[in-house]
Amino acid sequence: MQNKGKYYLTTAIAYTSGKPHIGNNYEIVLADSICRFKRKEGYEVFFQTGTDEHGQKIELKAQEAGVTPKEFVDGVAGTIRGLCDLLNISYDKFIRTTDPDHERQVQKIFKRLYDQGDIYKGAYEGLYCTPCESFWTESQLVDGKCPDCGREVKPAKEEAYFFRMSKYADRLIKHINEHPEFIQPVSRKNEMMNNFLLPGLQDLCVSRTSFKWGIPVDFDDKHVVYVWLDALTNYITGIGYDADGNSTEQYRKLWPADLHLIGKDIIRFHTIYWPIFLMALNEPLPKQVFGHPWLLTGANKMSKSRGNVIYADDLVNFFGVDAVRYYVLHEMPYENDGNVTWELIAERTNSDLANTLGNLVNRTISMSNKYFGGVVADKGTQLDARDADIDADLKATITGTYARVADKMTTHRVADALTEIFGIFKRCNKYIDETEPWVLAKDETKADRLSTVLYNLVEGILIGASMLEPFMPETAEKIAAQLNAPLRDFDKLETFGLYESGTKVTETPEILFARLDMKEVQAKEEEIAAAQIAAAQAASGAGSDSGAAGGQDDANDSGVIDIEPKEEISYDDFARLQFQVGEIIACEAVPKSKKLLCSKVKIGSQVKQIVSGIKAHYTPEEMVGKKVMVLVNLKPATLAGVVSEGMLLCAEDAEGNLALMTPEKSMPAGAEIC
């Protein structure tokens, strides 16, 4: 295979606040499949991933756990790396932002940008909401209160360092316009341009004094470097960048990155902040940033108390690593969000993996053993024109697949590439139906034709398995081992007939994927859910015991909350309020707010836009599909620059945790609440 040069791919680095779920793990599997594919194409790949380990949230979690922040992140980083290994991820470097060499380079980068005037010392000053940890201007307030949570705000000031974003904005706009491939998909580019760059960039806070768990600003040690300059710079520090100009040979070889693969929710940081930092450092920009969609986990918010959190290790232990890899790669559309449940994985395993692929391999090897003692020989025999046409069509389908797969992979359409590959296996299954080997076996004069049919099947399976290797590496190797032949390089996938005639396949074919009993799948899911609920209750119980020891009364132990009563209203006052059931059909974070989500809510035949301060409690993907209770006739208001046409009803506990109010039974969107 000809060396096509270097290919440097990075992922977002996982935040070490806790164990990631399968939706978080999707990105690393996607990245791995791209890197494995590039290696087989002949590229010299360097694949970097890792963990983001600083910040106030981690500092607080460490305090709650009774350990130091470093001890806390060491544990979580080990879990994250373990999940990468479990999912058979072929990374070349796993970087941690607590690595000493990374921390030192971040300090040097900060100092360099400060010395050249891109970073300056200033202060946040304005109206501060303590629960939200956010500053607001007078014009951003709603009825004089925090636009996110509705609580009181107070004048406050915090010293901080800022980066002059506007200095480089025009240059970045020019780069994006001149490099249409820079931000993909195109919808992500349009979002960045229209929502952030064209309206104008504000200077960015790059240090904090309100917590200590971060990389110290070495010339002003009461400040720590904030997340943007710390986490984003891993893509260059991890391969040997030096802010003093002494970068390694590896850095000079690999940079710029060929692909930053990140989730669509953090694309702003990677396509605006990061490129501007690089411009300030006089370094080239990455060639492409791809913002992939989310892998959702159903309509309900994932919660251990509900028992519906899905973790990769639970799935792998039950379905196997390649079944999980196949599902998350095949079921993720190019731009739209995908969905994952235990039932869906089981259904796809039974249909595609057990039936289409596994049964094909098993039947082919079994027939080769039954009819020819396992010896696969190409006799080149067709008995008539129909045989010739069938064989020609099979070969054309198989040899034409690689070009289509390679084309899909150039634009990271991995799900489509997998569909093309499984087209080979489906065509082979059809070929069995067309040629009917069991009928040929009854006539000794047709033995050479039968041998040819089985050879064609083995050759087709091996070519398909060779293409499948980047996506399902263990399965591909198992298939090749059973066929007693190596997987092929990609430059040999468009030639049919390279399987050595006379090769003997394994005597006892291994079942690649057994069909799953849906009742057993459901039982396992319920077992894991029960364990999650029990763990959550145990944690809650421990908290209650602690509270009781501290003198809590019975009412508090039972979870009762008393609130200040409001003024009584008449029935006529209540009758003026219109409450209806709504269905959330779309949701996204409000760009200029840390706490707001903007939902499109279907109410009867209407769709209303409703802004809610619930970002800390629900992610946008968790909102979609929910049936919610809506105050419909609330006067429209503008929150953080976005018009809101109603209100979603929530309950709030004493700690400020929110839960959306949902109908107990299934009700249609638009049903009146009375």
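The values are calculated or read from the model by the stated rules, or taken from the named source; none is laboratory data. Here the structure is a predicted model, which means the values were calculated and not measured. Here the Cβ is made from the backbone with ideal geometry for all residues, glycine too, and neighbour counts use every protein chain on show.
Assorted remarks:
- Only one of ALA476, ALA485, ALA480, ALA530 that is in contact (Cβ under 8 Å) with a residue 24 or more places away in the chain and of a type in the set (Gly, Ala, Ser): ALA530
- You will find that of ILE239, ILE262, ILE266, the residue that is touching a strand residue (DSSP E or B) at 6+ places or on another chain (Cβ under 9 Å), aliphatic (A, V, I, L, M) and part of a loop (DSSP other than H, G, I, E, B) is ILE239 and no other.
- Among the residues of the range 643-670, those identified as surrounded by fewer than 16 Cβ atoms within 10 Å (Cβ to Cβ) and either part of a strand (DSSP E or B) or not assigned by TED's automatic domain parsing to the domain that holds LYS594 (or both) are VAL643, ALA651, GLU652, ALA659.
- Residue-level analysis places VAL601 outside the set of residues that are surrounded by fewer than 18 Cβ atoms within 10 Å (Cβ to Cβ) and either of a type outside the set (A, V, I, L, M) or outside any loop (DSSP other than H, G, I, E, B) (or both).
Yes/no matrix, rows are residues, columns are (1) touching a helix residue (DSSP H, G or I) at 6+ places or on another chain (Cβ under 6 Å); (2) touching a residue at least 40 places away in the same chain (Cβ under 8 Å); (3) at positive phi:
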{"position": "SER593", "(1), (2), (3)": "no, yes, no"}
{"position": "VAL601", "(1), (2), (3)": "no, yes, no"}
{"position": "SER605", "(1), (2), (3)": "no, yes, no"}
{"position": "VAL628", "(1), (2), (3)": "no, yes, no"}
{"position": "LEU634", "(1), (2), (3)": "no, no, no"}
{"position": "GLY641", "(1), (2), (3)": "no, yes, yes"}
{"position": "ASN657", "(1), (2), (3)": "no, yes, no"}
{"position": "GLU672", "(1), (2), (3)": "no, yes, no"}
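- Members of the range 340-366 that are outside any loop (DSSP other than H, G, I, E, B), under 23 Å from the mean Cα position of the chain (by Cα) and surrounded by fewer than 17 Cβ atoms within 10 Å (Cβ to Cβ): GLU343, LEU344, GLU347
- For the range 655-662, the condition of being among the hydrophobic types (A, V, I, L, M, F, W, C) and within 24 Å of GLY144 (Cβ to Cβ) holds for at least one residue.
- Pairs with Cβ under 8 Å, 6+ apart, first in the range 161-186 and free of Cβ contacts under 8 Å to residues at least 12 places away in the same chain, second in a helix (DSSP H, G or I): PRO180/VAL186; PRO180/LYS189
- Residues in the range 376-410 that are in contact with a Gly (Cβ under 6 Å, 6 or more places away or on another chain) and not in a helix (DSSP H, G or I): ALA377 only.
- Output for the range 572-591, where each listed residue is closer than 20 Å to ASN339 by Cα and without any contact (Cβ under 8 Å) to a residue 60 or more places away in the chain: ILE584, ILE585, ALA586, CYS587, GLU588
- All positions within the range 357-405 that are in contact with a Lys or Arg (Cβ under 6 Å, 6 or more places away or on another chain), of a type outside the set (A, V, I, L, M, F, W, C) and at negative phi: THR381, THR397
- Taken over the range 479-494, residues that are farther than 21 Å from ARG404 by Cβ and either crowded, with 18+ Cβ neighbours inside 10 Å or aromatic (Phe, Trp, Tyr) (or both) amount to 4.
- Just one of (1) without any contact (Cβ under 8 Å) to a residue 24 or more places away in the chain; (2) more than 19 Å from TYR251 (Cα to Cα) fails for LEU113. It is (1).
- Residue match in the range 158-167 (condition: surrounded by fewer than 17 Cβ atoms within 10 Å (Cβ to Cβ) and modelled with pLDDT of 95 or more): yes
- Some residue of the range 124-132 being under 27 Å from GLU44 (Cβ atoms), in contact (Cβ under 8 Å) with a residue 60 or more places away in the chain and crowded, with 19+ Cβ neighbours inside 10 Å: no
- The set of residues in the range 1-22 that are crowded, with 24+ Cβ neighbours inside 10 Å and either part of a helix (DSSP H, G or I) or more than 16 Å from the chain's Cα centre (by Cα) (or both) comprises TYR8, ILE22.
- For the range 298-326, a tally of residues being within 19 Å of ALA514 (Cα to Cα) and either under 13 Å from the mean Cα position of the chain (by Cα) or modelled with pLDDT under 80 (or both) returns 1.
- Qualifying residue in the range 72-83 (condition: part of a loop (DSSP other than H, G, I, E, B) and either of a type in the set (Ser, Thr, Tyr) or under 25 Å from the mean Cα position of the chain (by Cα) (or both)): no
- Residue match in the range 441-451 (condition: within 19 Å of TYR402 (Cβ to Cβ) and assigned to a helix (DSSP H, G or I)): no
- For ASP572, the conditions (1) among the acidic types (Asp, Glu); (2) closer than 30 Å to SER139 by Cα; (3) at pLDDT below 90 all hold with the exception of (2).
- None of TYR431, TYR455 is touching a strand residue (DSSP E or B) at 6+ places or on another chain (Cβ under 7 Å) and of a type outside the set (A, V, I, L, M, F, W, C) except TYR455.
- Qualifying residue in the range 69-90 (condition: surrounded by 19 or more Cβ atoms within 10 Å (Cβ to Cβ) and among the hydroxyl-bearing types (Ser, Thr, Tyr)): no
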